[in-house]
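This report refers to the structure that appears directly beneath it.
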Amino acid sequence: MSLAPRLAAVAAAVAAAVFVPRAATAQAQEVRDTFGRVVITATSSVGRRPAETTYTVDQVDVAAQVLPRGPQARFPDSLRVAGVTGAVTVRFVIDRSGKPDMATFRVVSASHPEFADAVTTVVPYGLYIPARKGGQEVRQVVQQTFQFDIAERQRRSGDLR
């Protein structure tokens, strides 16, 4: 048997072993630019188009904005009655359509777990204007702080309980 058929057989066996199809998945990565700023991107694998870049506030022309008429986090009754105030800071990406990307949602800090739960419940329903860069809507990572203050809540809602 000559060498050419053997090499062809070995090459076919290697190709079959190496090129096994894998499930397409995307994984989020945290990447820093040359100035040390965080840029969150997603890399894709077999069968997916490259994911969009997500920018930070200092990398866009017009930053994403929260619309004030959006839903408010509900003050947990048990904490309101006890007179507990606090804050929750969260980080997530606002996509090109102005919707929160909950796959990127993280609680950065919370003064009480019930406050964190209230914020986690309301963020998916938040109303946002997406960021713009080069005249196009783009994804932007945002950090938003929610304050839970009894006096402020009573003044804003008119509730004098």
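Can you tell me which residues in region 61-77 are among the small types (Gly, Ala, Ser) and modelled with pLDDT of 95 or more?
Going residue by residue through region 61-77, those that are among the small types (Gly, Ala, Ser) are 63-64, 70, 73.
Within region 61-77, Ala63, Ala64 qualify.
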Next on the checklist: Residue pairs, Cβ under 9 Å, 6 or more apart or interchain, first in region 54-75 and within 17 Å of Arg139 (Cα to Cα) and among the hydroxyl-bearing types (Ser, Thr, Tyr), second at pLDDT 95 or above and part of a loop (DSSP other than H, G, I, E, B). List them.
Outcome noted: Thr54/Asp95
Next on the checklist: Looking at the structure I just gave you, is Phe92 buried (at least 17 other Cβ atoms within 10 Å of the Cβ), within 19 Å of Val141 (Cβ to Cβ) and within 13 Å of the chain's Cα centre (by Cα)?
Outcome noted: yes
Item to check | Of residues in region 102-147 being closer than 9 Å to Val90 by Cα and hydroxyl-bearing (Ser, Thr, Tyr), the one surrounded by the most Cβ atoms within 10 Å (Cβ to Cβ) | outcome: Thr120
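So is Asp58 modelled with pLDDT of 85 or more, in a helix (DSSP H, G or I) and of a type outside the set (Gly, Ala, Ser) or not? Write out each step before concluding.
Values: modelled with pLDDT of 85 or more: yes; in a helix (DSSP H, G or I): yes; of a type outside the set (Gly, Ala, Ser): yes.
For Asp58, the condition - modelled with pLDDT of 85 or more, in a helix (DSSP H, G or I) and of a type outside the set (Gly, Ala, Ser) - is met.
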Item to check | Residue within region 78-87 that is surrounded by fewer than 14 Cβ atoms within 10 Å (Cβ to Cβ), in contact with a helix residue (DSSP H, G or I) (Cβ under 8 Å, 6 or more places away or on another chain) and of a type outside the set (Lys, Arg) present | outcome: yes
Next on the checklist: Quick check on region 31-55: of everything there that is assigned to a strand (DSSP E or B) and of a type in the set (Val, Ile, Thr), which residue is modelled with the lowest pLDDT?
Outcome noted: Thr43
Next on the checklist: Just the residues that are among the polar types (S, T, N, Q) and touching a residue at least 60 places away in the same chain (Cβ under 8 Å), please, taken from region 76-112.
Outcome noted: Thr85, Thr104
Checklist entry - If you scan region 61-74, which residues turn out to be in a loop (DSSP other than H, G, I, E, B) and under 13 Å from Tyr128 (Cβ atoms)? => result Ala63, Ala64, Leu67, Pro68, Arg69, Gly70, Pro71
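The values are calculated or read from the model by the stated rules, or taken from the named source; none is laboratory data. A quick note: this is a predicted structure, and the numbers were derived from the prediction, not measured. Cβ sites come from the backbone with ideal geometry, for glycine too, and all protein chains shown count toward neighbours.
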